[in-house]
1. If I filter segment 25-38 for residues that are of a type in the set (A, V, I, L, M), under 23 Å from residue 142 (Cα atoms) and within 17 Å of the chain's Cα centre (by Cα), do I get at least one hit?
2. Only residues that are in contact (Cβ under 8 Å) with a residue 12 or more places away in the chain and not charged (D, E, K, R): list them for segment 114-131, please.
3. What are the pairs with Cβ atoms under 9 angstrom where one residue, in segment 132-145, is more than 19 Å from residue 69 (Cβ to Cβ) and the other, located anywhere, is among the β-branched types (Val, Ile, Thr)? Sequence gap at least six, or different chains.
4. Give all pairs with beta carbons closer than 9 Å in which a residue from segment 49-64 that is over 21 Å from residue 118 (Cβ atoms) meets a residue that is assigned to a loop (DSSP other than H, G, I, E, B) and hydrophobic (A, V, I, L, M, F, W, C); count only pairs at least 6 apart in sequence or on separate chains.
5. Give the number of residues within segment 19-68 that are within 26 Å of residue 110 (Cα to Cα), aliphatic (A, V, I, L, M) and surrounded by fewer than 13 Cβ atoms within 10 Å (Cβ to Cβ).
6. Within segment 2-18, which residues are without any contact (Cβ under 8 Å) to a residue 60 or more places away in the chain and exposed (fewer than 13 other Cβ atoms within 10 Å of the Cβ)?
7. Suppose the filter is out of contact with any Lys or Arg (no Cβ under 6 Å at 6 or more places or on another chain), surrounded by 11 or more Cβ atoms within 10 Å (Cβ to Cβ) and either of a type outside the set (S, T, N, Q) or within 30 Å of residue 11 (Cβ to Cβ) (or both); does residue 133 pass it?
8. Scan 31, 65, 69, 43 and give me the residue that is on the phi > 0 side of the Ramachandran plot and modelled with pLDDT of 90 or more.
Amino acid sequence: MDDLDRRLIDRLQYGLPLVRRPWEALADELAAPPAELRRRVQALLDDGTLTRFGPMFDIERLGGAFTLAALAVPETRFEEVAALLHDLPEVAHNYRREHAYNMWFVLACATPADVAASLARIEARTGLAVLDLPKEATYHVGLHFPL
């Protein structure tokens, strides 16, 4: 990762400029051609440095629903269950935690009923009980990881 990659990631953590041509605006800010910036984002996604690049929506304001959930996965099945969750389009992301519930994931669905149905499908496919932790309150934490 070079200096331009670091500056690009730093800047993108604050979002794309809300203008007609955002990549051109970024190009002006970062002194690099727009095509080069887009190529670098794709390269960072391809090599796994970035795991996701895209907009963040308040799904509930759009009529959708989401929940945080967890599974207690036997270590011998961890990779298998992680791959299953990774392949489900409604799973926004999943990750390991050092806890009895060692696999956590976020479900984003079109409706609350879809969340319930997805959790039931995950239980049926894994044979594991899902701990459902729906949101009680919204907190906006201006999280930024400077490089």
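1. Of the residues in segment 25-38, the ones of a type in the set (A, V, I, L, M) are 25-27, 30-32, 35, 37.
Of the ones still in play, those that are also under 23 Å from residue 142 (Cα atoms) are 25-26, 30.
Keeping just the survivors that are within 17 Å of the chain's Cα centre (by Cα) gives none.
No: zero hits.
2. If the condition is that a residue be in contact (Cβ under 8 Å) with a residue 12 or more places away in the chain and not charged (D, E, K, R), then 115, 118, 119, 122, 126, 128, 129, 130, 131 are the ones that fit.
3. 145/9
4. 49/1; 55/16
5. Total meeting the criteria: 2.
6. 2, 3, 15, 18
7. Numbers: out of contact with any Lys or Arg (no Cβ under 6 Å at 6 or more places or on another chain): yes; surrounded by 11 or more Cβ atoms within 10 Å (Cβ to Cβ): yes; either of a type outside the set (S, T, N, Q) or within 30 Å of residue 11 (Cβ to Cβ) (or both): yes.
Against the criterion (out of contact with any Lys or Arg (no Cβ under 6 Å at 6 or more places or on another chain), surrounded by 11 or more Cβ atoms within 10 Å (Cβ to Cβ) and either of a type outside the set (S, T, N, Q) or within 30 Å of residue 11 (Cβ to Cβ) (or both)), residue 133 qualifies.
8. Values: 65 fails: on the phi > 0 side of the Ramachandran plot; 69 fails: on the phi > 0 side of the Ramachandran plot; 43 fails: on the phi > 0 side of the Ramachandran plot.
Just a single option satisfies the conditions, and that option is 31.
The values are calculated or read from the model by the stated rules, or taken from the named source; none is laboratory data. Keep in mind that what you see is a predicted model, and the values were worked out from it rather than measured. Positions of Cβ are generated from backbone atoms using ideal geometry, with glycine treated the same way; all protein chains shown enter the neighbour counts.
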